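Novice: Once you've had a glance at the structure underneath, I'll fire off some questions.
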Amino acid sequence: MIQILLDLPIWMLIRVFGILSYLSLFVGMALGIAYSFPQWKGQTKARLLRSHTYANHLGTCLALLHTVLLVIDTFMPYDWKEILVPFAAKHSAVLSGTGSIALYGLLLLIFTTDIRQKLKKKLWFAFHLLSYPIFALALIHGLFIGTDSSNILIKTMYVTTALLLIGLTVLRAVVRPRKQAARAKETYSV
């Protein structure tokens, strides 16, 4: 069994799982932002939430696979301490540490979402807003430590996804629910 694992193209799998994890998390973030737009109702809103949840769970699972495979990699192996303790890696300690913190953040987000009903809404929302810095950490990790980041297509993917999320976030800040907009209008017209 061990030999079968060692014969797999581990380095390639690590890279693929890292990129797929990032892309899944990008889709999850984009769907989460889209979900919060006030015009979505009923089944559409429910589908957005399911897809948001699925993409984020998939991205987290792929990130876990990406991480665990580093231990059995023969090209540039990491030991468990380097993976579990942020900034303890011998190779690119800071960038490896950003990946570790991003993974811990993803696990925290999933956990707090799973216990959402037991948390106050403001506390859960504060945890959920951590998705932005967590995504930024994943972006930095992939962009600067990823061996494929010198490829113009990969670099373009990172920059484009970051710009799209910034654009969606700005658009979401501008689009307010009708009730909230009406209340603001009443407040300023007095």
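Novice: With open to solvent by 60 Å² or more (accessible area, probe 1.4 Å), modelled with pLDDT of 95 or more and assigned to a helix (DSSP H, G or I) as the only criterion, which of Leu64, Leu109 stands out?
Specialist: Details: Leu109 fails: open to solvent by 60 Å² or more (accessible area, probe 1.4 Å).
It is Leu64.
Novice: Within segment 8-21, can one find any residue that is free of Cβ contacts under 8 Å to residues at least 24 places away in the same chain, more than 21 Å from Gly146 (Cβ to Cβ), open to solvent by 70 Å² or more (accessible area, probe 1.4 Å) and not in a helix (DSSP H, G or I)?
Specialist: Of all residues in segment 8-21, those free of Cβ contacts under 8 Å to residues at least 24 places away in the same chain come to 8-9, 12, 16.
From the residues that got through so far, the ones that are more than 21 Å from Gly146 (Cβ to Cβ) too are none.
No: segment 8-21 contains no residue that is free of Cβ contacts under 8 Å to residues at least 24 places away in the same chain, more than 21 Å from Gly146 (Cβ to Cβ), open to solvent by 70 Å² or more (accessible area, probe 1.4 Å) and not in a helix (DSSP H, G or I).
Novice: For segment 84-106, which residues satisfy the criterion of being closer than 20 Å to Leu25 by Cα and either buried (at least 20 other Cβ atoms within 10 Å of the Cβ) or free of Cβ contacts under 8 Å to residues at least 24 places away in the same chain (or both)?
Specialist: Narrowing segment 84-106 to residues closer than 20 Å to Leu25 by Cα: 95-106.
Correct list: Ser96, Gly97, Thr98, Gly99, Ser100, Ala102, Leu103, Tyr104, Leu106.
Novice: Follow-up question, since we're still on this one. Among (1) touching a helix residue (DSSP H, G or I) at 6+ places or on another chain (Cβ under 6 Å); (2) modelled with pLDDT under 95, which single condition is Val71 missing?
Specialist: Going through the list (1) touching a helix residue (DSSP H, G or I) at 6+ places or on another chain (Cβ under 6 Å); (2) modelled with pLDDT under 95, Val71 breaks only (1).
Novice: Anything in segment 22-43 that is open to solvent by 80 Å² or more (accessible area, probe 1.4 Å) and in a helix (DSSP H, G or I)? List them, or say none. Show your work before the answer.
Specialist: Of all residues in segment 22-43, those open to solvent by 80 Å² or more (accessible area, probe 1.4 Å) come to 39-41, 43.
Hit for segment 22-43 is Gln43, nothing else.
Novice: Would you please list the contacts, defined by Cβ atoms under 7 Å and residues six or more apart or on different chains, that run from a residue in segment 111-127 that is closer than 16 Å to Thr53 by Cα to a residue that is open to solvent by less than 100 Å² (accessible area, probe 1.4 Å) and assigned to a loop (DSSP other than H, G, I, E, B)?
Specialist: The qualifying pairs are Thr112/Leu119.
The values are calculated or read from the model by the stated rules, or taken from the named source; none is laboratory data. Just so it is clear, the structure is predicted and the values come from calculations on it, not from any experiment. Note that each Cβ is placed from the backbone with ideal geometry, even for glycine, and that neighbours are counted across all protein chains shown. To get the accessible areas, we keep the full protein, side chains included, count just its heavy atoms, and leave off ligands, DNA and RNA. Shrake-Rupley method; radii C 1.70, N 1.55, O 1.52, S 1.80 Å.
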